[in-house]
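Structure first, then comments.
The values are calculated or read from the model by the stated rules, or taken from the named source; none is laboratory data. All values reported here derive from a predicted model rather than from experimental measurement. Cβ: placed from backbone, ideal geometry, glycine included. Neighbour counts: every protein chain shown.
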Number of protein chains: 2
Amino acid sequence: MKVRLLKKVKVGISNRHVHLTSEVYNQLFTAPLTKKRDLTQIGDFAANETLTLKTEKGMIENARIIGPFRSYNQIEISKSDARKLGLCPPVRKSGDLENSETITLVGEKGELTLHNACILAERHIHINPRDAKEWNVEDGDIVQVRIDGDRSGVLDAHVKVSEKGVLAFHIDTDEANAVLLNNDEEVEVLL
Amino acid sequence: MKVRLLKKVKVGISNRHVHLTSEVYNQLFTAPLTKKRDLTQIGDFAANETLTLKTEKGMIENARIIGPFRSYNQIEISKSDARKLGLCPPVRKSGDLENSETITLVGEKGELTLHNACILAERHIHINPRDAKEWNVEDGDIVQVRIDGDRSGVLDAHVKVSEKGVLAFHIDTDEANAVLLNNDEEVEVLL
């Protein structure tokens, strides 16, 4: 019988959010991007600035921009958001945007339609290289996360190793609602 | 090594809905309940009549009544509905309503506040006694449902054996969005 290591990880729930290049930001806003609060991952922050997400079918206001600026524009929404907007975004890792969805961003200065920009985020565990070595996992590996409680099960998640990675299991609001997880709750990873 | 039987079951996604006694229905509507379409479970039907769900925090329109009338009033919503309404309903089997949530129903004739009436539905598999025997499961057993695709995992589900049960894996809209399942899609049950 294989003995499985049990490791604990805290849950981080991502609401819909927007990553932008500085060029696109400056087409949508006059004033500079400002920090509202730091996020768990080192360097990342929730900005005070928000956008409206718009399609032919609908709109969602107050989608928060996450800083700092990136080399690509990426809008991460939930499947229920996607239904409201009439979109069918693929499930992707960050930065993997080929053949993803088209969406219009409405900012303070105007609006801009971005192609290959909107995705559903793939569930993942952030981890730094030291912890990854201890866990015996590599970047891109799939691990199983045990969910207890009234809506129990096991969810597959890919491992995202980065130097600044802070251990966290990232899911979106649909996933959190489906299995009744809360922010900062601990779950077990079956290794 | 234990060899697991694989059985297939079709997915049925339940949107928010309302089961009522005839007494409560008649307090809310003038005309009789009418059938819009039959549902998969024998005898159950979606009615043409809908209600508004109301709390101090918000409201959700067009919650459909499911017939026929029952001996209890039960409003089944998703966790994301619950957030909009400011409720915290427990996860329950049908009819297990003790200490569940309070909600106000607004019908054509007026409104009515029901206590111990609002729940999140527990994931379940409907099955008839012949199939249950073949599967070697009993009413109330917990089985594992394998989810493939881009948001894979295994979800626990309880087995609900009834004479009129038609084989189906029932989940709500949050659960369907979280693991990207569609109505009538087939999933595997690990026995």
*Got at least one residue in segment A:121-135 being surrounded by fewer than 19 Cβ atoms within 10 Å (Cβ to Cβ), in contact with a Leu (Cβ under 8 Å, 6 or more places away or on another chain) and in contact (Cβ under 8 Å) with a residue 12 or more places away in the chain?*
yes
_Matching option when the condition is among the small types (G, A, S) and in the same structural domain as A:T173 (by TED's automatic domain parsing), among A:G86, A:G107, A:G95, A:G149_ = A:G149
*asked:* So in segment A:29-49, with the set limited to residues that are among the polar types (S, T, N, Q) and free of Cβ contacts under 8 Å to residues at least 24 places away in the same chain, which one is farthest from A:F169 (Cα to Cα)?
replied: A:T34
_Single residue of segment A:138-153 satisfying the filter (closer than 15 Å to B:D148 by Cβ and in contact with a Leu (Cβ under 7 Å, 6 or more places away or on another chain)) that is surrounded by the most Cβ atoms within 10 Å (Cβ to Cβ)_ = A:G153
*Run down A:Y25, A:Y72 and say which single residue is part of a helix (DSSP H, G or I) and either out of contact with any strand residue (DSSP E or B) (no Cβ under 9 Å at 6 or more places or on another chain) or more than 14 Å from chain B (Cβ to nearest Cβ) (or both).*
A:Y25
*asked:* So A:C118 ticks every box in (1) over 22 Å from A:G12 (Cβ atoms); (2) assigned to a strand (DSSP E or B); (3) not β-branched (V, I, T) but one. Which box is left unticked?
replied: (1)
*Could you tell me whether B:N177 is among the polar types (S, T, N, Q), outside the structural domain of B:S22 (by TED's automatic domain parsing), at pLDDT 95 or above and under 18 Å from the mean Cα position of the chain (by Cα)?*
yes
*Among the residues of segment A:159-187, write down those that are farther than 25 Å from B:S80 by Cβ and either touching a helix residue (DSSP H, G or I) at 6+ places or on another chain (Cβ under 7 Å) or assigned to a strand (DSSP E or B) (or both).*
A:V159, A:K160, A:V161, A:E163, A:L167
*asked:* Looking at segment A:158-170 only, could you name the residues that are within 14 Å of chain B (Cβ to nearest Cβ) and either out of contact with any Ser or Thr (no Cβ under 7 Å at 6 or more places or on another chain) or free of Cβ contacts under 8 Å to residues at least 24 places away in the same chain (or both)?
replied: A:H158, A:F169
*Candidate set: segment B:138-157, residues that are farther than 13 Å from B:I125 by Cα and among the aliphatic types (A, V, I, L, M); chosen: the one farthest from the other protein chains (Cβ to nearest Cβ)*: B:I147
*What number of residues in segment B:1-33 are among the hydroxyl-bearing types (S, T, Y) and touching a Phe, Trp or Tyr at 6+ places or on another chain (Cβ under 9 Å)?*
3
